[in-house]
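What follows is a set of notes on a single structure, which appears directly below.
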Amino acid sequence: MFSPEGNNLSQVIHKFAEIPFDDLTHLASNLAQTPIALITFMDNSHQWLKSQVGLTGKIHLYLNFCEFIIELHSQPESPTEQEDIDNLLMGNSSNPTLILSPEPMIISDTWNDPRFASQPVVKGDHGIRFYLGMPLMTTDNLMLGMLSIMDYQPRELQPETIKALQSLNNQIISQINLHRQLIHSKTKLSQLENIINERKQVWEIVRQERDFVCAVLDTLSALVIVLDPDGRIIRFNRTCEQLTGYSAKDVEGKTFDELGLNLLPSDYGSKPNSRPIMIEFDEPPKSIKTQHSIPLTPRHSGLNTWETEWVNPNGQSRWIAWSNRALLQANGLIKYVIATGIDITERRNSEDRMELLERAITASPSGIVISDFTAADCPIIYCNPAFEKLTGYSQEEVLGHNCRILQGEDTDSEELARIRNAIAQNTDCTVTLKNYRKDGSYFWNKLSISPVRDREGRLTHFIGIQTDITKRKQSEDALRESEARYRLLADHATDLISHHSDDGTYLYASPASRQLLGYEPEELIGKSVYELIHPEDLEFT
């Protein structure tokens, strides 16, 4: 009357199809020499006829009779036992070992028992007069059904016959238990197969995730290396392979020392006050014992990031900027260390070039200023020491101001107009200006300005180079004054004053040539002096 393994009997009864129940019911009928034999299964709400011999008419009446007999067979001896049975039938029992009596129930003559007088299958000339029922009990003492034998005549069975029927009943029970175990095993096997399939699916998901992570790592431009607590390489992404010339298989399980590569600066540890490098944890370790002196991250020595030089097997040198992250186990010990590096070779080269340019600008004897073209009024954003020396203004005094602070009343307006036009046209320009220092003294400034553009070609700055040409300007003015005095003297002298090239060609002749030679000064220019000498006098020259 109880479901095996907590399942409804209706869900598993069809699985007993391999048991030859019809043969067993025929055998029971033959052993008892009765016209009727049947096997029924039941749970707490249903009864099924599995096999029968000799039933006629309305079969459900026979099943009701069997159920009625089972109820009589299981009458409780006390109220407590009745309560346990009710709970068991309702599925609420805390005592699963409570069972109906396993002994066969024999009714020799139903007419002599008033309990059966009202049963439809008992009434009439062809009513059931004899009944024998043997419970089909499982190995765990649960009742699955009943082997029932009926006759239209009252009778008494011999002990040998009852014993034979009991043996047959035991065979039926053995077959049922065997098949229940088989069903149970198949269920377990199916569950195991489901678990295996689920695990396969999980492993497939894990494999896909792993392949995805590996693919992502291999597409990164950064170097990614996974190390165990001993510093041995577990993962080496494709960027590392391309940069070092080593394949992931070549480096797996090896340390950086074994590969001749550095994960720390080459000069680290050579300083007198250097200390062991400690891993920096996202959370503090649980105890001091969980700290590891693995030389992987120089965080505790004041280095948040650090740079190392790598030389690949081809002798090519690359500079790498490193950082890392420690993955901890549940007990706080290091499980893995992920080192991430970026190739900064080009950046370092650019920084070196920038540093060189900065030193060159700083050391330049010419004043250099840079103005921001994108800001209003093109303010100065940089000036070198030569500019400070030339103008007397410090860098702090000129930053944010326009170069007009150097102009004065005598500054040539035409030259200033050329500068404004060059700025408007975004072109180069060179002018000579009379500028004024901070102390008010003037100097002649040869100013060259040039536009500076960004990568997209947009004008962002102007650079101005200033050269003090005061002395040259003074020399030029003195020379012009001297030339003017010389020309004044030559123009008023009565003697001929001339200037010749090495071959005697006139380069200059004073006005006295009109009186002395009869030539205008301009007529003599380009003539040879020998053309004016008489041929007879040439032999004496």
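The values are calculated or read from the model by the stated rules, or taken from the named source; none is laboratory data. Values in this document were obtained by computation on a predicted structure and should not be read as measured data. As a convention, Cβ positions derive from the backbone with ideal geometry for all residues, glycine included, and neighbour counts pool all protein chains shown.
Annotations for the structure displayed:
- All told, Thr427 meets the bar of being surrounded by 11 or more Cβ atoms within 10 Å (Cβ to Cβ) and under 57 Å from the mean Cα position of the chain (by Cα).
- Positions within region 329-359 being in a loop (DSSP other than H, G, I, E, B) and without any contact (Cβ under 8 Å) to a residue 40 or more places away in the chain, in sequence order: Gln329, Ala330, Ile344
- Among the residues of region 101-120, the ones that are within 29 Å of Asn170 (Cα to Cα), assigned to a loop (DSSP other than H, G, I, E, B) and modelled with pLDDT of 90 or more come to 2 in all.
- Here the condition is being in contact with a Cys (Cβ under 9 Å, 6 or more places away or on another chain) and either modelled with pLDDT of 90 or more or assigned by TED's automatic domain parsing to the domain that holds Asp454 (or both); of Asp372, Asp410, Asp377, it holds for Asp372 alone.
- Total residues in region 467-501 satisfying the condition of being at pLDDT 80 or above, farther than 30 Å from Ile361 by Cα and assigned to a loop (DSSP other than H, G, I, E, B): the figure is 1.
- When the strands (runs of 3 or more DSSP E) confined to region 138-254 are screened for residues that are closer than 30 Å to Pro35 by Cβ, polar (S, T, N, Q) and in contact with an Asp or Glu (Cβ under 6 Å, 6 or more places away or on another chain), none reaches at least 1 such residues.
- Selection within region 33-44 - in a loop (DSSP other than H, G, I, E, B) and over 14 Å from Met143 (Cβ atoms): Gln33, Thr34, Pro35
- Options Gln208, Gln166, Gln158, Gln201: the member that is free of Cβ contacts under 8 Å to residues at least 40 places away in the same chain and assigned by TED's automatic domain parsing to the domain that holds Val121: Gln158
- Qualifying residue in region 313-328 (condition: under 28 Å from the mean Cα position of the chain (by Cα), at pLDDT below 85, farther than 30 Å from Arg404 by Cα and assigned to a helix (DSSP H, G or I)): no
- The residue of region 430-452 that is surrounded by the most Cβ atoms within 10 Å (Cβ to Cβ), among those that are under 20 Å from Gly400 (Cα atoms) and in contact with a Leu (Cβ under 9 Å, 6 or more places away or on another chain), is Asn435.
- Lys438 over 17 Å from Ser371 (Cα atoms), outside any strand (DSSP E or B), of a type outside the set (Gly, Ala, Ser) and more than 49 Å from the chain's Cα centre (by Cα): yes
- Options Ser51, Ser94, Ser78, Ser45: the member that is among the polar types (S, T, N, Q), more than 15 Å from Met134 (Cβ to Cβ) and at pLDDT 75 or above: Ser45
- Residues that are modelled with pLDDT under 90, within 28 Å of Gly54 (Cβ to Cβ) and out of contact with any helix residue (DSSP H, G or I) (no Cβ under 6 Å at 6 or more places or on another chain) do occur in region 177-192, at least one of them.
This table checks each residue for (1) within 15 Å of Trp322 (Cα to Cα); (2) of a type in the set (A, V, I, L, M, F, W, C); (3) at pLDDT below 90.
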| position | (1), (2), (3) |
| --- | --- |
| Ile234 | no, yes, yes |
| Thr239 | yes, no, yes |
| Leu243 | yes, yes, yes |
| Ser247 | no, no, yes |
| Asp250 | no, no, yes |
| Thr255 | no, no, yes |
| Glu258 | no, no, yes |
| Asn262 | yes, no, yes |
| Tyr268 | yes, no, yes |
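- Subset tally (residues that are farther than 30 Å from Leu399 by Cβ and either surrounded by 16 or more Cβ atoms within 10 Å (Cβ to Cβ) or not basic (Lys, Arg) (or both)) for region 322-373: 23
- Pairs, first touching a residue at least 12 places away in the same chain (Cβ under 8 Å) and within 20 Å of Glu483 (Cα to Cα) in region 499-517, second hydroxyl-bearing (Ser, Thr, Tyr) and exposed (fewer than 14 other Cβ atoms within 10 Å of the Cβ), C-beta under 7 Å, six or more apart: Leu507/Ser501; Ala512/Thr494
- Of all residues making up region 145-187, the number that are more than 27 Å from Asn64 (Cβ to Cβ) and in contact with a Phe, Trp or Tyr (Cβ under 6 Å, 6 or more places away or on another chain): 1
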